[in-house]
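Engineer: Handing you a structure now.
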Amino acid sequence: MSKNKRKSAALQQKSKNEKLVAQMENQKKKTLIVIVSTIVVVAVIFAGLFMLAGRDSSTAGTPAAPVEFNYSEMSRMGSEDAPVKIVEFGDYKCPACAQFAGVIKPQLVQEYVNQDKAALYFVNLAFLGPDSTTAALAALSVYNQNNDAFWTYYDALYANQGDENKEWATADFLVELAQKENLPIDFELLRKDIEDKTYISQIQSEVQLATTSGVSSTPTLFVNGVMVNEPFNMEAIDAQIQAASEAAAAQ
């Protein structure tokens, strides 16, 4: 091979090498950009998650503001001036409500209502079936005729509760139960109130109140507007009542 040809080949090889080096350098730059961009994106995501977690943790322990109830519109046992007001949302077809009525309510009445330390209120959350509403209509009729008779009827309804999956709270059953309990009321008016749905607007208002108050199940209990987390834990209820009593006394 002549000297000129060897020189030309060397120059061509050098040119190829330079192009290859340039391509490698360009690829390195692209790779570096991708890596840096990925790191930035990951950092932004983690920063966002950290801030969100911090915000959640800062509010997790913050108690919800007490619900402002209009107690004058509710069925009540005890003095309206009692410093502690206990509100139960219930359904007469609800088996858990029957358990509450038989176990927890008597303790609340004995330890707090009868001692004028608290008043007990009932709100209808009639949602399990059509006869949930029928039973609520009957109970409100009794309440509006005789407040004391209402609580006797409340106990009787739960004590004689039928199968949750059957329609047992008929007008006939509800009137006969009131007669069996010898309630001091007008039984004909009771039947009329059931059949005419006299208090249906009140029931609808109470169901709406449950929704706006964050109630999604029965029984649900509130103490001075603060929801009770464990409505069957009497020790926890006692503690919440005591705290509410102390807060009311300090005002």
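Engineer: From the list Leu190, Leu177, Leu183, pick out the single residue that is within 11 Å of Ala138 (Cβ to Cβ), in contact with a helix residue (DSSP H, G or I) (Cβ under 8 Å, 6 or more places away or on another chain) and part of a loop (DSSP other than H, G, I, E, B). If you could, list the steps in order and put the result at the bottom.
Structural biologist: Values: Leu190 fails: part of a loop (DSSP other than H, G, I, E, B); Leu177 fails: part of a loop (DSSP other than H, G, I, E, B).
Sole residue among the options that is within 11 Å of Ala138 (Cβ to Cβ), in contact with a helix residue (DSSP H, G or I) (Cβ under 8 Å, 6 or more places away or on another chain) and part of a loop (DSSP other than H, G, I, E, B): Leu183.
Engineer: Separate question: Just checking, does region 194-202 include any residue being modelled with pLDDT of 95 or more, part of a loop (DSSP other than H, G, I, E, B) and aliphatic (A, V, I, L, M)?
Structural biologist: Keep residues of region 194-202 that are modelled with pLDDT of 95 or more, which gives 194-202.
From the residues that got through so far, the ones that are part of a loop (DSSP other than H, G, I, E, B) too are 196-199.
Narrowing the set further to residues that are aliphatic (A, V, I, L, M) leaves none.
Checked against the condition, which is being modelled with pLDDT of 95 or more, part of a loop (DSSP other than H, G, I, E, B) and aliphatic (A, V, I, L, M), region 194-202 yields no hits at all.
Engineer: Scan (1) farther than 18 Å from Val87 by Cα; (2) open to solvent by less than 20 Å² (accessible area, probe 1.4 Å); (3) assigned to a loop (DSSP other than H, G, I, E, B) for the single condition Asp163 breaks and write down its number.
Structural biologist: With (1) farther than 18 Å from Val87 by Cα; (2) open to solvent by less than 20 Å² (accessible area, probe 1.4 Å); (3) assigned to a loop (DSSP other than H, G, I, E, B) applied to Asp163, the lone miss is (2).
Engineer: Look through Ala135, Ala119, Ala171 and report the one residue that is farther than 22 Å from Met77 by Cβ and at pLDDT 95 or above.
Structural biologist: Values: Ala135 fails: farther than 22 Å from Met77 by Cβ; Ala119 fails: farther than 22 Å from Met77 by Cβ.
So the residue among Ala135, Ala119, Ala171 that is farther than 22 Å from Met77 by Cβ and at pLDDT 95 or above is Ala171.
Engineer: Now for a separate question. Given the criteria open to solvent by less than 10 Å² (accessible area, probe 1.4 Å) and free of Cβ contacts under 8 Å to residues at least 60 places away in the same chain, does Val142 qualify?
Structural biologist: Numbers: open to solvent by less than 10 Å² (accessible area, probe 1.4 Å): yes; free of Cβ contacts under 8 Å to residues at least 60 places away in the same chain: yes.
Yes.
Engineer: Restricting attention to region 154-166, does a residue exist that is among the acidic types (Asp, Glu) and more than 27 Å from the chain's Cα centre (by Cα)?
Structural biologist: As a first pass, look at region 154-166 and keep what is among the acidic types (Asp, Glu): 155, 163-164.
This time we only want the ones that are more than 27 Å from the chain's Cα centre (by Cα), so: none.
The answer is no, given that none of the residues of region 154-166 is among the acidic types (Asp, Glu) and more than 27 Å from the chain's Cα centre (by Cα).
Residue-by-condition table, conditions (1) surrounded by 13 or more Cβ atoms within 10 Å (Cβ to Cβ); (2) in contact with a His (Cβ under 7 Å, 6 or more places away or on another chain); (3) of a type in the set (Ser, Thr, Tyr):
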position: Gln179; (1), (2), (3): no, no, no
position: Ile185; (1), (2), (3): yes, no, no
position: Arg191; (1), (2), (3): yes, no, no
position: Thr198; (1), (2), (3): yes, no, yes
position: Asp238; (1), (2), (3): yes, no, no
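The values are calculated or read from the model by the stated rules, or taken from the named source; none is laboratory data. Since the model is a prediction, treat every value here as computed from it, not as a measurement. With ideal geometry, Cβ positions are generated from the backbone for all residues, glycine too; neighbour counts draw on all protein chains shown. Ligands, DNA and RNA are excluded from the accessible area calculation, which covers all protein heavy atoms including side chains. Shrake-Rupley method; radii C 1.70, N 1.55, O 1.52, S 1.80 Å.
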